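Have a look at the structure below, then the notes.
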Amino acid sequence: MAPSASAPNSPPPCATETADNDLQPFFVLHKASSQKCYKKSGGSGKTRRRIELSPSLLSNGENAEIENADEFHYHQNVNMRIEAFHAVWSEIEETIKDVLRDINMNTFKAIYHWVNESFNTISTSERLNFLEATRSFPIVTNVASKQLFTGLVLTKNMEFVDDQMTFKELGMHLKSKGCHVANLSSLDFSAKNGIGGCLKSLFREFLLVTLDAVDISVLTTWYRKQQNCDSAMVIIISDMEQCHGSILSDFILMLSEWVLKVPVILIMGVTTTPDALRGILPSNVIQHLCPRKFILGSPSERMNAIVEAVLVKKCSSFSIGYEVAVFMRNYFFTQDGTITSFIRALKIACAQHFSLEPLSFLLQRFAVDDNNEGLQCEMHGISAEMILKQAFDLPSYRINKLGEQSMESLVRGFSELKNLQRHWSIVVLCLYEAGKWSRICLLDLICEALDPELFKLRVSSPNGFHNNSQASHIEPSMCKQYHRPQKGGFIRQAVRSVRDLPAVQLSKLLKVWEKITVDVPQIHEKVMELLSLLKFEEGKTSKEDMDEISKSARRYASRNHLNIAKVSRVVNDKAARLLESMVRNHMEPVECAPFHEIVCFKSIDKLKGALIGDPRRRVQVDLLQFQDIIQCGCCRTCNSLSPSMHDSSIMYSLAQEHGDLINLHDWYQSFKSVCLCSSNKGKHGSKYSPSPKKRKVVAGIAKPSEASIQARFCRAVTELKIVGLLQMPSKRRPDFVQRLAFGT
Amino acid sequence: MSKEEDSPVIRRTTRSSSSAPVKSNETEIKKNAVTYSPTINDLAFGEDKLSFNDLLSSFPGRHIQIKEIMRILGPQDCPMFPQFIYGGASTGKTSVVLQIFRHLNRPFVYASCRTCYSQRILFECILNQLLLHKKNAANGYSSAKRCEKPSDFVNFLREAVANVTNSLKGNLGELGGSKLGGGPNGSMLYLIFDNLELVREWDKSSCILPFLFNLSNILKMPEVGFIFISNTSPDTYYSNIGYLEPIPVYFPEYTEEDLRQIFLRSQSNRKLYSSFLDIVLRPFCRITRKVDELAAAFSSLFQKYCEPLSDLTSVPNEEMKRKLFSHFQPHIATSLNEIFWILSEPFLEVEPRSETMQKGITRKLEGDQEFAEMDFHMSTSAKYLLISAFLASRNPATLDASLFDSTGGSESRKRKRKASEKSMEQKEVAEQESLLKGPGTFPLERLLAIFQCITSVLDGYLDEEEHANDLLKVGRGDGLMSDVLLQLSSLCNANFIIKGGSCPLETTTRYRSTISEDMALKIARSLKFPLANYLYRR
């Protein structure tokens, strides 16, 4: 119940020194976040004062000169970090865009092919001249000619946000191939605007003019005139489920009547199943559709591709820690399930990283330079000592205790870190390729691969790869664990699947590995060895095969089968063992390395706070602890309720004393008593409340009238209702309001 | 008004020059399309004429209706009473009327109330045709006249009709009454209103319908004839406002024999198709007799029927027919219930199939099969929310306590035992009724309560099963509640939950889940949630 416990930091002591009655929302907002945040804020006078006053690292026992120098560097640093953030993020964003486009490209091509095909069927079935086409009456030659070619594009995701861009890109793709394209959304099919609004936006898309009163005959003249005749007209409705059914069916009927005159091809995005169409449209409309199904990449496919490009192949060297990865995975699978929010989480993580980590600006350089020369030269005026000091202050360095603190060792540390990351990603990719056969999600794999404790376990017990986690994970419980990921589950599963692979797929897999591991000779060699072994065995067996067949001895053939199985089993075993050794020796999580703080984002609480947010809790906390926001002198002195407080705050504090239901009368009485207690010590109070609004309330020496208190009461109740904390009295209990939010 | 004066002049000039583009071949028209302007001749079909015998033969089963309509239309330039043609969908009303006018070659104006979806568009569409105005880029796609009110429409219409009939008469005079020029026959003008039943939905005050029916009376011009075409019978239109009742012509449903004639008409290999019709026509006729529905169904069925045939032009003999029938028979029953086939892109289809092949290898993975069952992605919390909505819709609210609370359950059971036989019976009847009513509605609070119960139960369940696993536990628990309302709105968008009421401030909005039990079970299976335990069954 007590919200104060979960409230953020208590107000810092400096607050009393600032002008007492200033309202400083910005200031307060900064204070609400944790101490480290001060580094982010710019150089305004107030923040600087705060730095001096707040018990930060800088102020313990150091003199003012150093402080000044620090501050100078700090500002330099901030600019560079912002720059680095923009560079890194834009790179990541570009990569994501490319990845998503590539995923859909095949489907887009298929759609274009189908559009072309259907356009040809329409245009060959009836050749119309201009006069025939622009007449107002329909062409009545063929009954079946009213069919409307419809492409149903399944997005495979209930949430639509991810696919807004997809449909725009589909439109662009078709446009680039010469089709006329109109992109409509469910907003155009709302009951409010009716069929007229829908046609209006259709014409805006095709004709690029906004018309007052439109009918479809305009489209025919437009299509027949100019040189528009020889390409299809594609109408893309991006979210079919959200359209108003009757408007959509009117639209389809109208189009189907005119389809011979205007060769329209419809493309509809379907987020759930094609059966949803049956739920929206009546059967007499559906029979006019001639549907074709297309499937876009499913969210988990897209997710795998994005994760592979951004987090494994590291388009930038920014990476995330174990906990953050797990949080983001869970957020994706249980909470939101959209790529959009995953990317947003990634962006927040990236931004937080650059704002929290003073040395993060090195990341940009880290990615670009191979030999780390950039580190040695001057960093745009940042002294090397500063960097060294901060770098060797990092906890990961202090734990590992690496020799002397010099630039050389820093550079060495960096290149080691880089090497480690490269190896890590190669091993993860190999695992992913292996796990593809049993459809392991890359995100799961990464979560496991990033876990530093698991790594330590693996290293400490090199033989115990199979039973490195709980004893319960022995064979019988194997299948149970598969659908519930457990520690060490996915990697083991991937290795296992290598053991079970048939020879053909194994050789495919090895070839992929060969490509992946090209940069790391020690692994590459082994993969090559395996490949040659496999080829050799294959050649041998096939030769034997020939011989056996020529002898036409069935008995031998069956033995031969066994033989093949045995051989491939050996190779499988070797491959699996190779993978195991790779995991053990080369897959060191980034969090185990010194200086990893510079490239790796770990503070999960920050991300959680930024991503999930908890508006209702925030509202409640703010109502009860408004003093933190409204920095007035009048209310903060006394802990009890004072009349100078905001009405809603008073009301909500009073409501805390009630249970589920609040008796309106009691509530009003207590509110009134709080209000009236002001006038008892009215003169006393006016001294404390210079703010004009409060003064107006307090300065009236006469008691506030009953009517005004009632009005204030009503207003406060309404405000609380709008915020969503209350439910107004129902018919059954006319004098009670119901509380909707409890605790925080 | 000045425009009004201009238009005949334009018409006259164009008429003299128009004969070339109209008669020229298609390519030329394409070239001249931009400069082409319509003439009075466009009001009739004008092109190759249809003889009366051709007209009759192209509409099997409609001979009586055609003759009836022709009788009401009367000879050339003869005033007529308004005509009301009605009959079920896809019975050939529009086609018959249009082909009759093609045969007669009389000038007419056609307006479909589907294309002209509002009063204003309808009026302007008719006026545009009468004034020979085409919307194009040059005039900014605007109409010839802006006309919203019925009274304006009457005035404009009167002027326009007078102009048109004058020029028609002039036309006739010039050509000496002969039909050489391909110009329309007679100086009488017909207005055809199609899909009239849609007008009823335009405005609730319904002043436009009586106005349309009464238009001939208001105009008082004998040279204008009115034809209304509608899906529904005249009884559904008449109000007590007095106007001349139009003469009804009814188009009955086609008989099976008619349908056979219609489908045989356009076939190249009639023998083969008739053997196909022998099989399918009877069962399908029991379901629908709409030509368009049947045509859609038959076109794909016929392809299946012909699959074993190598030569589509061959005439099947008895043995062949039997063979085809045995091959074809299994398809009939399935397609009877289905009007909606979704084809998928052939090469995309291949991929999942190969995946299933691979799945055979890694059969042990149960998780995979689950993924295969759900054919779209939903986040876990959305799934739980959907299940709780399903439960809230299915179970009576009074049972919530007993289902989700152990103490509440035992209490109610006791009470049940005490209840008398009669009250039990009554209760059963009430329950049956509620089942018949379909999914019930529920307030948001109830949904959230059930959601919380389900997820907390599941958390405990998971805890027992895998207490060692902290991978999944991070961020569960408290996190699951955070954006439930967002999830709810996206479920509403996907039409899984329907929202009643509109005001967002009103907390008494009620919801209703529309998913089928199969789907709910599927979702529950993917979560390993024991849905059956929570479903109330009588």
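The values are calculated or read from the model by the stated rules, or taken from the named source; none is laboratory data. Given the structure is predicted, the values throughout are model-derived calculations rather than measurements. Positions of Cβ are generated from backbone atoms using ideal geometry, with glycine treated the same way; all protein chains shown enter the neighbour counts.
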- Item | Some residue of region A:420-441 being under 20 Å from residue A:513 (Cα atoms), at pLDDT below 80, in contact with a helix residue (DSSP H, G or I) (Cβ under 8 Å, 6 or more places away or on another chain) and of a type outside the set (A, V, I, L, M, F, W, C) | yes
- Query: Since residue A:578 meets every condition but one in (1) surrounded by fewer than 19 Cβ atoms within 10 Å (Cβ to Cβ); (2) over 18 Å from residue A:311 (Cα atoms), which condition does it not meet?
  - Reply: (1)
- Query: Can you find even one residue in region B:411-422 that is more than 12 Å from every other protein chain (Cβ to nearest Cβ), modelled with pLDDT of 70 or more and more than 22 Å from residue B:388 (Cα to Cα)?
  - Reply: yes
- Hey, any hits in region B:263-279 for a residue that's over 23 Å from residue B:323 (Cβ atoms) and in contact (Cβ under 8 Å) with a residue 60 or more places away in the chain? yes
- Query: Which condition breaks for residue B:37 when tested against (1) at pLDDT 75 or above; (2) among the small types (Gly, Ala, Ser); (3) surrounded by fewer than 19 Cβ atoms within 10 Å (Cβ to Cβ); (4) touching a Lys or Arg at 6+ places or on another chain (Cβ under 8 Å)?
  - Reply: (1)
- Message: Any residue that is assigned to a helix (DSSP H, G or I), under 25 Å from residue B:293 (Cα atoms) and within 10 Å of another protein chain (Cβ to nearest Cβ) - is there at least one of those in region A:262-277?
- Response: yes
- Note on the structure: Restricting region A:237-250 to residues that are in contact with an Asp or Glu (Cβ under 9 Å, 6 or more places away or on another chain) and among the hydrophobic types (A, V, I, L, M, F, W, C), the one farthest from residue A:170 (Cα to Cα) turns out to be A:247
- Residue check for residue B:118: over 22 Å from residue B:222 (Cα atoms) and touching a residue at least 40 places away in the same chain (Cβ under 8 Å): yes
- Mind counting the residues in region A:711-741 that are part of a loop (DSSP other than H, G, I, E, B), out of contact with any Gly (no Cβ under 9 Å at 6 or more places or on another chain) and not polar (S, T, N, Q)? 9
- Candidate set from region B:231-284 (those that are of a type in the set (D, E, K, R) and part of a loop (DSSP other than H, G, I, E, B)); member that is nearest to the chain's Cα centre (by Cα): B:253
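So that you can scan it fast, the table gives a plain yes or no per residue for (1) under 30 Å from residue A:89 (Cα atoms); (2) modelled with pLDDT under 70:
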residue: A:530; (1), (2): no, no
residue: A:534; (1), (2): no, no
residue: A:549; (1), (2): no, yes
residue: A:561; (1), (2): no, yes
residue: A:600; (1), (2): yes, no
- Query: Which of the residues that make up region A:186-210 are hydroxyl-bearing (Ser, Thr, Tyr), away from every other protein chain (no Cβ under 11 Å) and surrounded by 18 or more Cβ atoms within 10 Å (Cβ to Cβ)?
  - Reply: A:201
- Task: Considering every residue within region B:319-339, establish whether at least one is within 14 Å of another protein chain (Cβ to nearest Cβ), at pLDDT below 80, assigned to a helix (DSSP H, G or I) and within 30 Å of residue B:513 (Cα to Cα).
- Result: yes
- Out of (1) of a type in the set (D, E, K, R); (2) assigned to a loop (DSSP other than H, G, I, E, B); (3) within 10 Å of chain B (Cβ to nearest Cβ), what's the single condition that is false for residue A:241? (2)
- Message: Criterion first (within 19 Å of residue A:137 (Cα to Cα), at pLDDT below 90, of a type in the set (A, V, I, L, M, F, W, C) and in contact with a Cys (Cβ under 9 Å, 6 or more places away or on another chain)) does residue B:198 satisfy it?
- Response: yes
- Item | Members of region A:98-112 found to be more than 12 Å from every other protein chain (Cβ to nearest Cβ) and either in contact with a strand residue (DSSP E or B) (Cβ under 8 Å, 6 or more places away or on another chain) or loosely packed, with under 14 Cβ neighbours inside 10 Å (or both), listed by number | A:98, A:102, A:105
- Scan the helices (runs of 4 or more DSSP H) fully inside region A:295-400 and keep the ones with 3 or more residues being at pLDDT below 85 and crowded, with 23+ Cβ neighbours inside 10 Å. A:362-368
- Query: Since residue B:274 meets every condition but one in (1) closer than 30 Å to residue A:253 by Cβ; (2) at pLDDT 85 or above, which condition does it not meet?
  - Reply: (1)
- Note on the structure: Of the candidates A:612, A:650, A:630, the one satisfying the condition of being β-branched (Val, Ile, Thr) and under 30 Å from residue A:323 (Cβ atoms) is A:612
- Query: Can you tell me how many residues in region A:117-150 are modelled with pLDDT of 75 or more and under 49 Å from the mean Cα position of the chain (by Cα)?
  - Reply: 13
- Looking only at region B:434-447, and only at residues there that are at pLDDT 75 or above and assigned to a helix (DSSP H, G or I), the one that is nearest to residue B:510 (Cα to Cα): B:444
- Matching residues in region A:214-238 (more than 8 Å from every other protein chain (Cβ to nearest Cβ) and not aromatic (Phe, Trp, Tyr)) number 13
- Residue match in region A:280-288 (condition: at the interface with another protein chain (Cβ under 10 Å from one of its Cβ atoms), touching a residue at least 12 places away in the same chain (Cβ under 8 Å) and of a type in the set (Ser, Thr, Tyr)): no
- Query: Can you name the number of the only condition in (1) in a loop (DSSP other than H, G, I, E, B); (2) touching a residue at least 40 places away in the same chain (Cβ under 8 Å); (3) within 12 Å of chain A (Cβ to nearest Cβ) that residue B:100 fails?
  - Reply: (1)
- Task: Name every residue in region B:133-151 that is surrounded by 15 or more Cβ atoms within 10 Å (Cβ to Cβ), away from chain A (no Cβ under 12 Å) and either at positive phi or in a helix (DSSP H, G or I) (or both), in order of residue number.
- Result: B:150
